[in-house]
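What follows is a short report on a single structure.
The values are calculated or read from the model by the stated rules, or taken from the named source; none is laboratory data. Everything numeric in this text was worked out from a predicted model, so none of it was measured. Positions of Cβ are backbone-derived with ideal geometry, glycine not excepted, and every protein chain shown enters the neighbour counts. Heads up: the accessible areas ignore ligands, DNA and RNA and are worked out on the full protein's heavy atoms, side chains in. Shrake-Rupley method; radii C 1.70, N 1.55, O 1.52, S 1.80 Å.
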Amino acid sequence: MAEAKTAKVTVKGKEYDLPLLSPTVGPDAIDIRKLYGEADVFTFDPGFTSTASCESTITYIDGDKGELWYRGYPIEQLAANSNYLETCYLLLYGELPSREQMADFHKRVTRHTMVHEQMHNFFRGFRRDAHPMATMVGVVGAMSAFYHDSVDINDPWQREVASIRMIAKLPTIAAMAYKYSMGQPFVYPRNDLDYASNFLRMCFAVPTEDYVVSPVLSKAMDRIMMLHADHEQNASTSTVRLAGSSGANPFACVAAGIACLWGPAHGGANQACLEMLREIGTVDRIPEFIKRAKDKDDSFRLMGFGHRVYKNFDPRAKVMKESADEVLALLGVDDNETLQVAKELERIALEDEYFVEKKLYPNVDFYSGIILEAMGFPTSMFTPIFAISRTVGWVAQWKEMLADPQNKIGRPRQLYVGALRRDYLAISKR
Ligand code: ACO
């Protein structure tokens, strides 16, 4: 019989045997759940750099090799052969669908693309110049006020309907946020179009002129969505899980995920990256910015570079770079100055000792902004597009968490370094 694997920890002279849990692939994890109860110590891990918060079967990343799998399938194979909706099915249900399953899933998603008409009034409460992410956080949170029949998390049918509603309606909501910020009328979804084409049309059509979606742009958008669909326990996904661990309804949980995604260290990096490339402007200014990124006294970082998990090329960035070339060639902008700056910046950084030593490689955001800008999106829409794409990941992870018998409310502990107990002093005596 194989010996059970354990890790030994010595606390104040006493030894404790802790179970060592083995994943399908990847490093083992020390199970510390009983440590506090038995040894009266916490573990300390700000940023969760060494802590696995849950078991999951959805996505696997090997940061050293630069690999990403959805349910075991490498992202490059999915990007080459699959499409976003099929990937959604895979993430949600664990297997690639049969033809019948795909047709049924497609029908269910496309039949939910419209939003409640009253939601139009809700949009009108926002300032016209609101950032589309601000609008999305509010509107997605408000979905729980519009769809009462799918907020009971204990009912599997309601969980399923809420999941489909979010995947189907997020593109509509993001497009509406965009139209509102532009002062243009909302464009209703069209169910005869595929998921990506429908989104592009809702953004760019106007009542006076339809928008005929180019298949190359639609494919590029579909690919951007696929590449962003899930990424294991990143900040926004962990936010969704933490919110969901208290039993909050799924719309509220996804709204929390959108809020987290907005930050420039996470989903906001694609906007920040394009703004940085524009600020650099010309290839000859690159050394100045590289110098700043390396300067300890300067807070400037090369946006679109570095990743908590990838210490090698982000596999998504490779696919994205190919897409950028395709899209710019189609649009006849392959001499695009921003792309030249990006390519040269990547070349220089990959040879620079600082970036090589710290294993800082381009991440998915490095090229996505260039594609989205070429399609006609303003930078403020980059993160909303990430949010649309990641919704399926958030939903799949939320459902997995609810089905997990080990699930309990997330409640980290702390290392208190504040004042010791002291007595209140009246204001006149302070
Ligand atoms: N430019 C310059 N230096 C960097 C960069 C960068 N982009 N990223 C990390 N470093 C340096 C840090 O200064 C640090 O140096 P030190 O060890 O001398 O102090 C070292 O590399 C490690 O960096 P950390 O911040 O500790 O790494 P962490 O894993 O916490 O951060 C993060 C990862 C947030 C992505 C970081 O690399 C970053 O800020 N990148 C730019 C923003 C970005 O592109 N975010 C998108 C992430 S992908 C996504 O969300 C889809």
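Exactly one residue out of TYR354, TYR367 is open to solvent by 40 Å² or more (accessible area, probe 1.4 Å), more than 17 Å from MET133 (Cα to Cα) and in contact (Cβ under 8 Å) with a residue 12 or more places away in the chain: that is TYR354. Only residues that are open to solvent by less than 10 Å² (accessible area, probe 1.4 Å) and either touching a Ser or Thr at 6+ places or on another chain (Cβ under 9 Å) or part of a helix (DSSP H, G or I) (or both): list them for the range 370-385, please. Listed by number, the residues that qualify are ILE370, ILE371, LEU372, MET381, PHE382, THR383, PRO384, ILE385.
Listed here are the residues, each with its yes/no results for (1) open to solvent by less than 50 Å² (accessible area, probe 1.4 Å); (2) within 11 Å of the ligand (Cβ to nearest atom); (3) under 28 Å from GLN77 (Cα atoms); (4) of a type in the set (A, V, I, L, M).
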{"site": "ALA243", "(1), (2), (3), (4)": "yes, no, no, yes"}
{"site": "ALA272", "(1), (2), (3), (4)": "yes, yes, no, yes"}
{"site": "ASP297", "(1), (2), (3), (4)": "no, no, no, no"}
{"site": "VAL309", "(1), (2), (3), (4)": "no, yes, yes, yes"}
{"site": "VAL319", "(1), (2), (3), (4)": "yes, no, yes, yes"}
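Quick grid of which residues meet (1) within 9 Å of the ligand (Cβ to nearest atom); (2) over 27 Å from the mean Cα position of the chain (by Cα); (3) at pLDDT below 90; (4) surrounded by fewer than 15 Cβ atoms within 10 Å (Cβ to Cβ):
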{"site": "ALA256", "(1), (2), (3), (4)": "no, no, no, no"}
{"site": "GLY268", "(1), (2), (3), (4)": "yes, no, yes, no"}
{"site": "GLU326", "(1), (2), (3), (4)": "no, no, yes, no"}
{"site": "ALA329", "(1), (2), (3), (4)": "no, yes, yes, yes"}
{"site": "LEU345", "(1), (2), (3), (4)": "no, no, no, no"}
{"site": "LEU350", "(1), (2), (3), (4)": "no, no, yes, yes"}
{"site": "LYS358", "(1), (2), (3), (4)": "yes, no, no, yes"}
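Say we look at the range 184-206 and pick out the residues that are under 18 Å from GLU117 (Cα atoms) and free of Cβ contacts under 8 Å to residues at least 60 places away in the same chain; which of these is least open to solvent (accessible area, probe 1.4 Å)? Step by step, filter the range 184-206, then rank; the result is MET202.
Just one of the listed residues (PHE105, PHE199, PHE122) is of a type outside the set (A, V, I, L, M), farther than 23 Å from LEU85 by Cα and touching a helix residue (DSSP H, G or I) at 6+ places or on another chain (Cβ under 8 Å), namely PHE122.
For ASP404, are the conditions met, namely being within 16 Å of the ligand (Cβ to nearest atom) and open to solvent by less than 50 Å² (accessible area, probe 1.4 Å)? In short, no. Residues in the range 181-207 that are hydroxyl-bearing (Ser, Thr, Tyr) and either under 20 Å from ASP104 (Cα atoms) or at pLDDT below 95 (or both): SER181, TYR195, SER197. Those helices (runs of 4 or more DSSP H) of the range 70-129 in which 1 or more residues are open to solvent by 50 Å² or more (accessible area, probe 1.4 Å) and farther than 25 Å from TYR60 by Cα occupy 99-110, 119-123.
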